[in-house]
Amino acid sequence: MSGFDLERLVPAHVASFQAYVPAPPDDVLLRRFGVTHLHRLHNNENPLGPPPAAREVLARWDPAQAAIYPQGDGWHLRRAIAAQFGLEAEQVILGNGANEVIGFVIKAFCEAGCNIVTADRTFAVYEWLASFSGIEPRLAPLRADGFDEAALLRAIDAQTRVIFLCNPNNPTGSWWDHARLERFLEAVDGRAIVVADEAYAEYAEAPGFPDSFALMARHPNLVVFRTFSKLWGLAGLRIGWMAAAPAVAATVRKISISYSVNLLALEAARASVWDTAHLAATRDHVRQGRAGLAALAARLGLPLLDGIGNFAMLRLPMPDTVAHRRLMARGVMARAMTSFRYPGWLRVSFGSAPAMAAFAEALEAVLAEV
Amino acid sequence: MTADDAAPRLSLPPGPRFAAVGAEFVRGAGAAGGIEARLADRLALIAEEVLAASPPGAGPVSLALHDRRHAVRLELGFPTADLDLAGLDQARMRDPEDDAVGLYLAARLADQLTTEPVGRSGLLLGFNLARGYAPRSLDPPPPGLGPLAGAPVDPDDATLALLVDWAEAEGLGGAGFRIAPRVLDQRAAGELFARVALDARRRPIGGLLWQPFGRRMMALSGPALLLPPGPACEALAIALLDAALGALARGSIQGLVVLDAAPDMPRDAFEVVGHLPDAAGTPQPVLFRALEEDPGGIAWVPPLLRDWVTRSVRRLGLGRDLGEPPPPGRATGAVMAAETDRAAGRVTLRPLLAAGDAAAVAAGNVALFRGQGFGQFRAVLDLGQPGHAAFAEGLVQAGLAPAALIPDAAGDLLLLAALE
């Protein structure tokens, strides 16, 4: 074959995009960094794992079912979620993790020449998915580490199709309350889809946190994202969901991928909805983790950035990427924040007590080397 | 490969029969595009020599002429990388009857020679010639600049030129902040990037520049800071660096390298990955700032440098599998590219093609440039490419020593250096 010209076939926005390279598996990391254990404080996972009912689903799962396709659109799970939040089942769409749902929304509403608007220092996937789909990501700077409605509104033009709000924001934990989100929706006035990505909403205990499903009834351009990866402890099964007004959901459903969520994920998630004991236990764990990290920050004299979520950020007197390597060499994984445009900051998930103790010890040793 | 779709292009069969056609294309395209005749003539000679030396089986050779304002560049593309390019190595002994003497001449005619893969199996040779800039008189910056107002910006040309002029007049910022027209031309060509801090009257009060350093790094220059020393000036340096990091995050660049740090560079924001001797022989720190987490990787390390690399890997806390590189597939035909800076008396060598004679070729290159009076020698080996290790022995025998290890999980860069 001599006529295959790959470069001619690749769109410019794909050719110019740099592929995301995930970290190697833990066994490779253990060997390369010369450690026998790695504490996972980098991905905001729930150290309590999934709720008991989901564990039971997983434990009694018959491997023979692996040969059978899952039900194509999560019939039962969508009904369980809808019942929990007072929605119709047709308003709920599932995805292989919330990342897939982000892709659904961009694919449903954006075409060449359009743009999306989000913040410069937030979850990267909105920006990435838009970029490699040939859609311009417009990034409004955060103000005081939170989404700035004035900057977002300035960034909107006639070509803007989707505005992504990360609420609470990863990595800062900052959040908009119900009234602020509603004011923003009124200011947008239906000119674009507004996504409230609430991946960490279940950690919110403040009474003012938005009831986005209620707002959706008055603002049909509002789309809400949720995930089972964080508080519900099902990150390894990859399942997230979105809810929208019926007409918006029907549009997204046209391009959503049926059968993309696997059997185990569907059943474990359905069993998790809505385990209030697990919710309370996880929130209690997070409160303890937050208090412990705040005490560590105070003892070490490190600025702390904290809000809603199972994580917080520490400002280090050294490059965060160097701290990341040196913590790895001491068996602790935390997230360097330069790639989130927070150079010098480290994001730490609230892990198990032994993991947090190992982190504290390792961080003190790393800082002592500065 | 440059992305200049408007560049004049031609495709010709390889070999001497069409070499003169290639030369005339370069002259004609140069004249039509406003490239000075002396530069177009040099590139025409390069095209002629490379085409004449191309073997009949090389397939059609593409020519493209790019005017990058601060430099002109001739690119010759081959559909196959399986070429004998040994003649491009300037250190090889020349016999006037040697078929490869044309490649030797082409390499000597260029200020800089680069190679890069194209597609699945092709090879692109790039020959660069630099433009000169006339000296200019410069006004000093006005008194009373500052304080910083807002975040540093990607400046317009006038603001950047003003900053460079003021920095040059004050001797600030290092070699990068010199000759504003050249800086603007480099930026227009996509080879230089900047962030500039402004005061409330929109006057530039400081800046940072960066340029590509290999495929996955950027080299930082500066900062040039026009505020008086003190906390405000230190905060300005941090703001500029944070702006640079923010601009580069989530892209293809893995790290920032500082080979020649200006005094005001905030050292705490970097790690020291080695030392390079300056012109006076004094070791100067090589600074590095990673933009991404380093998940570990493989480094192909030649046996005689294994101890040094192992110590560096441990000191830097890198997760690396150190592999012993296999011998190169080719028996002979190794090539190194040389980038010369005659004003500084410095030559930087980089492997282009590995072969069994790599060590001798490396030593020969050092001897050649030593004979031409160069006093500073640097070599850059990519430890992610097993073939590069083959050059190490010759470089060490010629007096170069490992000086810095620049981390990159996809291929650490090992800098070797010697000062005569």
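Every number in this text was worked out from the coordinates using simple rules, so none of it is lab data. Quick caveat: nothing in here was measured; it's all calculated off a predicted structure. Here Cβ is always computed from backbone atoms with ideal geometry, including for glycine, and neighbour counts include all displayed protein chains.
Multiply the residue separation of A:Asp284 and A:Arg183 by 0.36 nm, subtract the distance between their alpha-carbon atoms, and state the gained length in nm to one decimal. Spell out each step's value before the answer.
Details: separation 101, 0.36 × 101 = 36.36 nm, distance 3.18 nm.
Residue separation times 0.36 nm, minus the Cα-Cα distance, leaves 33.2 nm.
For the modelled label position 7 Å from the Cα of B:Arg201 along Cα-to-Cβ, which residues of the stretch B:219-258 have backbone nitrogen atoms closer than 16 Å?
Once the point is set 7 Å along Cα→Cβ of B:Arg201, B:226-228 turn out to lie under 16 Å by backbone N, inside the stretch B:219-258.
Taking the Cα-to-Cβ direction at B:Arg314 and at B:Ala130 and moving 7 Å from each Cα, how far apart do the two end points lie in nm?
4.1
Only Lys, Arg, Asp and Glu count, each charged at its Cβ (+1, +1, -1, -1), so figure out the dipole size of the protein assembly as shown about its Cα centre, rounded to 20 debye. If you can, show how the numbers build up before the last one.
On the way: 72 positive and 85 negative charges, 163 e Å.
It works out to roughly 780 debye.
In angstroms, what radius of gyration and Dmax does the stretch B:294-420 have, counting Cα atoms only?
Using the Cα atoms of the stretch B:294-420, the pair Rg, Dmax is 14.2, 43 Å.
Inside 10 Å of the C-beta atoms of B:318-325, what's the mean count of C-beta atoms belonging to other chains?
Values: counts 5, 12, 3, 3, 0, 0, 0, 0.
The shielding value for this peptide is 3.
With θ taken as phi - 60° and the coefficients 6.51, -1.76 and 1.60, list the Karplus ³J(HN,Hα) couplings across the stretch B:149-162 in order, rounded to whole Hz; mark glycine and proline as x.
Coupling constants for the stretch B:149-162: 10, x, 7, x, 10, 7, x, 6, 4, 5, 5, 5, 4, 5 Hz.
Taking the Cα centroid of the stretch B:122-196 and of the stretch A:23-60, what is the distance between the two, rounded to the nearest whole Å?
Measuring centre to centre over Cα atoms gives 49 Å.
Can you tell me the FRET efficiency between A:Ala365 and B:Ala401 if r is taken as the Cβ-Cβ distance and R0 is 56 Å, rounded to the nearest 0.05? Numbers along the way, then the final one.
Working: r = 32 Å, r/R0 = 0.56.
Approximately 0.95, to the nearest 0.05.
When the Karplus curve 6.51 cos²θ - 1.76 cosθ + 1.60 is applied with θ = phi - 60°, which whole-Hz ³J(HN,Hα) does each residue of the stretch B:39-44 get, with x for Gly and Pro?
6, 4, 5, 5, 5, 4
Apply 1/(1 + (r/R0)^6) to the Cβ-Cβ distance of B:Arg267 and A:Ala64, taking R0 = 60 Å, and write down the FRET efficiency to the nearest 0.05.
Values: r = 62 Å, r/R0 = 1.03.
The value I calculate is 0.45.
Calculate how many DSSP beta bridges within the stretch A:190-333 are antiparallel, expressed in % of all such bridges and rounded to the nearest 5. Can you show the working numbers first?
Numbers: 7 of 11 bridges.
The antiparallel proportion sits near 65 percent.
May I ask for the Kirkwood hydrodynamic radius of the stretch A:12-158, worked out over all distinct Cα pairs and given in angstroms to one decimal?
On the way: mean 1/r = 0.0509 Å⁻¹.
Computed over the stretch A:12-158, the radius equals 19.7 Å.
Please list, in chain and number order, the residues 5+ apart from A:Thr160 or on another chain whose amide H is under 5 Å from its amide H, with Hs placed from the backbone.
The answer is A:Asn115.
Sort A:358-366, B:253-261 for me by packing, meaning the mean count of neighbouring Cβ atoms within 10 Å per residue, highest on top. Walk me through the numbers before you get to the answer.
On the way: A:358-366: 18.6, B:253-261: 20.9.
Packing proxy ranking, top to bottom: B:253-261, A:358-366.
What FRET efficiency would be calculated for the residue pair B:Ala410, B:Asp341, taking the C-beta separation as r and a Förster radius of 41 Å, to the nearest 0.05? Mind showing how you got there, number by number?
Details: r = 28 Å, r/R0 = 0.67.
Efficiency, from the Cβ-Cβ distance: 0.90.
Starting from the 7 Å offset along Cα-to-Cβ, what nm value, one decimal, do you get for the label separation of B:Ala32 and A:Glu7?
Distance between the two pseudo-spin positions: 2.1 nm.
For A:Arg191, list long-range residues whose amide hydrogen, built 1.01 Å from N in the peptide plane, is under 5 Å from its own amide hydrogen.
none
Return the long-range amide H neighbours of B:Gly173 (sequence gap of 5 or more, or a different chain), with a cut-off of under 5 Å between placed amide H atoms.
Amide H neighbours of B:Gly173: B:Leu225.
Kindly provide the helix-only [θ] at 222 nm of chain B, computed as the sum of -39,500 (n - 2.57) over DSSP H runs of four or more divided by all residues, to the nearest 500 deg cm²/dmol?
Numbers: 9 runs with 113 residues, N = 420.
Result for chain B: -8500 deg cm²/dmol, rounded to the nearest 500.
Write down the Kirkwood hydrodynamic radius of chain A, to one decimal in angstroms, obtained as one divided by the mean of 1/r over all alpha carbon pairs. List each step's numbers first, then the result.
Numbers: mean 1/r = 0.0459 Å⁻¹.
Hydrodynamic radius (Kirkwood, Cα pairs) of chain A is 21.8 Å.
Nearest 10 degrees is fine. How inclined is helix B:231-248 to the longest principal axis of chain B, computing both from alpha carbons?
Between the helix axis and the principal axis of chain B, the angle is about 40 degrees.
Put +1 on the Cβ of each Lys and Arg and -1 on the Cβ of each Asp and Glu in the stretch B:294-420; which of B:Leu395, B:Gly356, B:Leu419 then has its Cα farthest toward the positive end of the dipole?
Positive-most Cα among the choices belongs to B:Leu419.
Express as a percent, rounded to the nearest 5, the fraction of DSSP beta bridges in chain A (both residues included) that run antiparallel. Each step should come with its number before you reach the end.
Working: 19 of 38 bridges.
Of all bridge pairs located within chain A, approximately 50 percent are antiparallel.
Please list, in order, the residues from the stretch A:267-305 whose amide nitrogen is less than 17 Å from a point placed 7 Å along the Cα→Cβ vector of A:Arg79.
Taking a point 7 Å out along Cα→Cβ of A:Arg79, the residues of the stretch A:267-305 whose backbone N falls under 17 Å are A:267-274.
Of A:Gly301, A:Phe350, A:Pro207, which is farthest on the positive side of the dipole of chain A, counting Cα position, with +1 on Lys and Arg Cβ, -1 on Asp and Glu Cβ, and the Cα centre as origin?
Farthest towards the positive pole: A:Gly301.
Over all residues in B:291-300, what is the mean tally of Cβ atoms on other chains that come within 10 Å of each residue's Cβ? It would help to have the intermediate numbers written out before the result.
Numbers: counts 6, 6, 14, 8, 12, 10, 3, 1, 0, 0.
That works out to 6 on average.
Could you tell me the distance between the Cα centroids of the stretch A:126-169 and the stretch B:383-409, to the nearest Å?
When both Cα centres are located, 44 Å separates them.
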